[in-house]
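Step one of this worksheet: look at the structure below.
The values are calculated or read from the model by the stated rules, or taken from the named source; none is laboratory data. Remember, predicted model here, so these are calculated numbers, not experimental data. Every residue, glycine among them, receives a Cβ derived from its backbone with ideal geometry; neighbour counts consider all protein chains shown.
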Amino acid sequence: MTIRTEPKILKRSLATIIDYGLYFVFFSWLVVTYGHPNDEGGYTLSNDPKGWWICIVWIIYFPVIESIRGQTLGKLILGLRVVTKNGRAISFGQALKRHLVDMIDFFFFGIVAVITIKNTPDHQRVGDLWAKTIVIGGDSVTCTNCKEPLALTAKEIIEKQFICPMCRATIKM
């Protein structure tokens, strides 16, 4: 079974902004709370164990949560999910690979991610290509019965079946 995807650039971008926004709030709180003022007017987090929380929280929030739930909070809010190309749950290793290259994907305000998403058949960013994953959810279809345009959930895409909310017909894809 192969799953068809759409680019979803705006939704994916907003999910990333939510996720890294939350991470930045934690990062800022940690540095201001446990850091020491430096000569440049900012804060420095020394090499004590508190500095490790930056990495630990990143690993828990991005690879661990995404491998357990298939989505971070940003993706949950926007109805997106990360799966393998055949619709199965991703592993921790795949989630880690996806996020290890975030800085490449986000280079120059995400231009690398946008270019790869728009120019790959399964709309994958560099992290998705390396991890062999896709992002699904919110894909648009037209009901074959009543011709109503619909947005499918990740579950409907994986199951390749949905019930049209307008005409109540069960549609298999």
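For ARG98, the stated conditions hold: it is under 16 Å from ALA15 (Cα atoms), without any contact (Cβ under 8 Å) to a residue 40 or more places away in the chain and in contact with a helix residue (DSSP H, G or I) (Cβ under 6 Å, 6 or more places away or on another chain). Of the helices (runs of 4 or more DSSP H) lying entirely inside the range 1-78, those containing at least 3 residues that are out of contact with any Asp or Glu (no Cβ under 7 Å at 6 or more places or on another chain) and more than 17 Å from VAL135 (Cα to Cα) span 9-34, 52-59. Please determine whether any residue of the range 119-131 is farther than 22 Å from LEU100 by Cβ, surrounded by 13 or more Cβ atoms within 10 Å (Cβ to Cβ) and aliphatic (A, V, I, L, M). For the range 119-131, residues farther than 22 Å from LEU100 by Cβ, surrounded by 13 or more Cβ atoms within 10 Å (Cβ to Cβ) and aliphatic (A, V, I, L, M): absent.
Assessment of the range 140-157 against the conditions (among the acidic types (Asp, Glu), closer than 21 Å to GLY79 by Cα and in contact (Cβ under 8 Å) with a residue 60 or more places away in the chain) yields no matching residue. The selection criterion, being aliphatic (A, V, I, L, M) and touching a helix residue (DSSP H, G or I) at 6+ places or on another chain (Cβ under 8 Å), does not hold for ILE68. In this structure, ILE171 does satisfy being of a type in the set (A, V, I, L, M), in contact with a Phe, Trp or Tyr (Cβ under 6 Å, 6 or more places away or on another chain) and not assigned by TED's automatic domain parsing to the domain that holds VAL83.
Pull up the range 70-92, narrow it to residues that are surrounded by fewer than 20 Cβ atoms within 10 Å (Cβ to Cβ) and free of Cβ contacts under 8 Å to residues at least 60 places away in the same chain, then point me to the one that is nearest to THR120 (Cα to Cα). Across the range 70-92, the extreme among qualifying residues is THR84.
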